[in-house]
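Undergrad: Below are the structure tokens for one structure; questions will follow.
The values are calculated or read from the model by the stated rules, or taken from the named source; none is laboratory data. All of these numbers come straight from a predicted model, not from anything done at the bench. Note that each Cβ is placed from the backbone with ideal geometry, even for glycine, and that neighbours are counted across all protein chains shown. Quick note on the areas: whole protein, heavy atoms, side chains included, nothing else; ligands and nucleic acids left out. Shrake-Rupley method; radii C 1.70, N 1.55, O 1.52, S 1.80 Å.
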Amino acid sequence: MRVSTTAASVLALAMTLAACSGTQSNSERLHRFYDQKLVFASCDGYATTASDEKAFADPRFECGRLEVPRDYAYPGGATMRIAVLKVPARGERIGSLLLNPGGPGGPGMGMAAAGATTWAQSRLSERFDLIGFDPRGVGASSPSVRCYSDAEDDSGAAVFPTAATVGRFTETDTRALVDRCAKGSGGREALAHLGTRDAARDMDILRAAVGDAKLSYFGQSYGTRLGAVYAELFPDRVRAMVLDGGIDPTTGTSERRISQFTSFQRAFDAMAADCVTRPDCPLGTDASQAVTEFQRIVRPLLDHPIPAGDNRTADYPLAVGSVIAGLYDSAVWPVITAGLAQIRTGRGDTLRKIGDAFGGRGADGRWPNIADANYAINCLDEQRHSPEQETDLRRDIYRVAPFLDPGRGPDGARDGCEFWPATPTLDYPYATGIKGLPPTLTISITGDPATPYEGGLKLAAALGGTALTVEGNQHTVAFAATSACVNKAVDDYLVDLRSPPADARCVL
């Protein structure tokens, strides 16, 4: 093909400009992120809640902000900033231990701050800098997701439609929710890049920015998903990985939700069985009738909320949500039953306090954005459902967890993510068939209500690592450092890279 003189001149000019501008590939554009040196200084200005303000005031703690691409497909475009808190190692340093508390939506800065106390006598705080980071969209990172105000959180108006959420929802509801989240979170383009795959890539840039050739990681609950996805993307960059309360990477959204709510029902039944042996149990004296008694207590709140202190009320969603939160740890069961007994007196103060504590509400009325970020991240991680599929899932949840059934049928369920500005990016299964991954340690508790025991075993098998079985009734265990057996297994693994035997078990 012949090229005209004019066309040839234009082509030559374009090539010259391209050469002068230094056309770069995406991998080359990422170098500036990997080459950045994370500068740590005072943690002033990083707290987003009153509790964080108090926790971050410790002079040992250092904070900084990591710059990452908003969209890894276009690393030359807009960026996000990830907030990071470091607790320097107390002794001879191995490297950094990156932490994630779960959620999704849990802020990791606070986890590192808490680790300075819970692991104060541990070899972990002696040998590692504890690195807590708020994943993209979370806490002090920017932009952060905000769909509802603190006042709306207090009033119960902050609702995210899911199959397990009571109520009937419409297309108008879910469209409006996405619009308000976009408005409060930096726009629709920001909402499109909050998934776990992006967060895992952020974590690799953080690994480089703190000077580690390989990653040492501790994640609990959702943090096990984040760790597994990192292992899938960067298996050769993993040094050690503890995954506490493992999420099954092999099953899709509906199957996993059914498994989870089956476990919540088991936890409820165990709580009820304990309750009926005690005087004045609000669930009666026959454990087989506990679900019926529970429904008699909480269903009236659907139409008639009751006072709950501080000019707030307790309605059905708050009461049931607080019970679910309390089921995470058997130590809280007596508080749940006290709260149910209090409902019969016309007050909801106790259950409201459980809900506030679980959601992280501060004494000053500020809420962290955990629920908002949880919704946004799951919109990019979980499989999208039609209204019919979500209604079927709600029906199945009521079947396997009847204590959650409000008695008004499954109709009106809707996937709150149906109009999200991007399609899901995680895919199922994930983190399977990984080559070159060193040994990992997954901890799974037999009576875990939120991340069922069997799911943790499947995660360990998918990663080809060791599963540590823990007998007990709670959700996650290692960060609390309450089990000497678990503590030793985790310390030996992370510090000495020595895995426990395949048949190892601990008892809480």
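Undergrad: Mind putting a number on the dipole of the stretch 409-456 about its Cα centre? Charges go on the C-beta only, +1 for Lys and Arg and -1 for Asp and Glu, and I need it in Debye to the nearest 20. List each step's numbers first, then the result.
TA: Working: 2 positive and 6 negative charges, 52 e Å.
In debye, rounded to 20, the stretch 409-456 gives about 260.
Undergrad: Please list 3J(HN,Hα) in residue order for the stretch 371-379, calculated via the Karplus relation 6.51 cos²θ - 1.76 cosθ + 1.60 where θ = phi - 60°; whole Hz, with x for glycine and proline.
TA: With the stated coefficients, the stretch 371-379 comes to 5, 4, 5, 4, 4, 5, 5, 5, 4 Hz.
Undergrad: Ignoring ligands, DNA and RNA, how do Arg352, Arg395 rank by accessible area with a 1.4 Å probe, largest first? Before the final figure, lay out each step's value.
TA: Numbers: Arg352 15, Arg395 110 Å².
Greatest to least solvent exposure: Arg395, Arg352.
Undergrad: Can you give the Rg/Rh ratio of the chain, where Rg is from the C-alpha atoms and Rh is the Kirkwood radius? Please report the intermediate quantities before stating the final value.
TA: Numbers: Rg = 24.1 Å, Rh = 24.1 Å.
Rounded to two decimals, Rg over Rh is 1.00.
Undergrad: Rounded, prolate or oblate: which fits the stretch 246-296, taking a ≥ b ≥ c as square roots of the Cα gyration tensor eigenvalues, rounded meaning a/c under 1.5, else prolate when a/b beats b/c? Don't skip to the answer; put the middle values down first.
TA: Working: a/c = 4.87, a/b = 2.76, b/c = 1.76.
Cα axes put the stretch 246-296 in the prolate bin.
Undergrad: For Arg123, what accessible area in Å² do you get when you roll a 1.4 Å probe over the heavy atoms of the protein chains, rounding to the nearest 10?
TA: It works out to around 80 Å².
Undergrad: Right, another one. Going by a ≥ b ≥ c, the root eigenvalues of the Cα gyration tensor, does the stretch 347-414 fall in the rounded group (a/c under 1.5), the prolate group (a/b larger than b/c) or the oblate group? Intermediate values should be presented prior to the final figure.
TA: Values: a/c = 3.21, a/b = 1.42, b/c = 2.26.
Cα axes put the stretch 347-414 in the oblate bin.
Undergrad: What 222 nm value per residue comes from the helices of the chain, counting each DSSP H run with n ≥ 4 as -39,500 (n - 2.57) and dividing by all residues, nearest 500 deg cm²/dmol?
TA: The helix-only estimate for the chain comes to -13000 deg cm²/dmol at 222 nm.
Undergrad: As an exercise, use a Förster radius of 30 Å and the Cβ-Cβ distance of Glu471 and Thr277 to find the FRET efficiency, rounded to the nearest 0.05.
TA: 0.90
Undergrad: Above 16 angstrom, tally the Cα pairs of the stretch 54-149 and express them as a % of all pairs, no decimals. Provide the component values of the computation, followed by the final result.
TA: Details: 2631 of 4560 pairs.
Of all Cα-Cα pairs in the stretch 54-149, 58 percent lie more than 16 Å apart.
Undergrad: If the only charges are +1 at each Lys and Arg Cβ and -1 at each Asp and Glu Cβ, what is the size of the charge dipole of the chain around the Cα centre, to the nearest 20 debye? Can you show the working numbers first?
TA: On the way: 52 positive and 61 negative charges, 175 e Å.
Dipole about the Cα centre, nearest 20: 840 debye.
Undergrad: Another one. Just the accessible area for Phe403, please: 1.4 Å probe, Å², rounded to the nearest 10?
TA: Per-residue accessible area (Phe403): approximately 0 Å².
Undergrad: Now for a different question. How much accessible area does Thr350 have with a 1.4 Å probe, in Å² rounded to the nearest 10?
TA: Solvent-accessible area, nearest 10 Å²: 40 Å².
Undergrad: I've got another one for you. What Kirkwood Rh does the stretch 108-258 have if only Cα atoms enter the pairwise 1/r average? Answer in Å. Kindly include the intermediate steps, with their values, before the conclusion.
TA: Working: mean 1/r = 0.0560 Å⁻¹.
Kirkwood hydrodynamic radius for the stretch 108-258: 17.9 Å.
Undergrad: Rank Ser155, Ser125 by accessible area, highest first, at a 1.4 Å probe radius? Could you put the intermediate results ahead of the total?
TA: Values: Ser155 75, Ser125 5 Å².
Ranked from most to least accessible, the order is Ser155, Ser125.
Undergrad: In terms of the ratio Rg/(2.2 N^0.38 Å) built on C-alpha atoms, what value belongs to the stretch 136-201?
TA: Details: Rg = 13.1 Å, N = 66, 2.2 N^0.38 = 10.8 Å.
Normalised Rg, Cα atoms only: 1.21.
Undergrad: I've got another one for you. As a test of the definition: which semi-axes, in Å, follow for the stretch 374-508 when you take the square root of five times each eigenvalue of its alpha carbon gyration tensor? Largest first, please.
TA: Equivalent ellipsoid semi-axes, largest first: 35, 21, 12 Å.
Undergrad: Now, a different point. Of Gly156, Ala192, Val138, which is farthest towards the positive pole of the stretch 95-213's charge dipole, taken about the Cα centre with +1 and -1 on the beta-carbons of Lys, Arg and Asp, Glu respectively?
TA: Ranked along the dipole, the leading option is Ala192.
Undergrad: Please state, as a whole number in µm²/s, the translational diffusion coefficient that the Stokes-Einstein equation yields for the stretch 283-406 at 4 °C and 1.567 mPa s, with Rh defined as the Kirkwood radius across alpha carbon pairs. Could you put the intermediate results ahead of the total?
TA: Working: Rh = 16.0 Å.
Reported coefficient: 81 µm²/s.
Undergrad: Let me ask something additional. Counting heavy atoms of the protein chains only and a 1.4 Å probe, report the per residue accessible area for the chain as a whole number of Å². Write out the running numbers ahead of the final one.
TA: Values: 21250 Å² over 508 residues.
That works out to 42 Å² for each residue.
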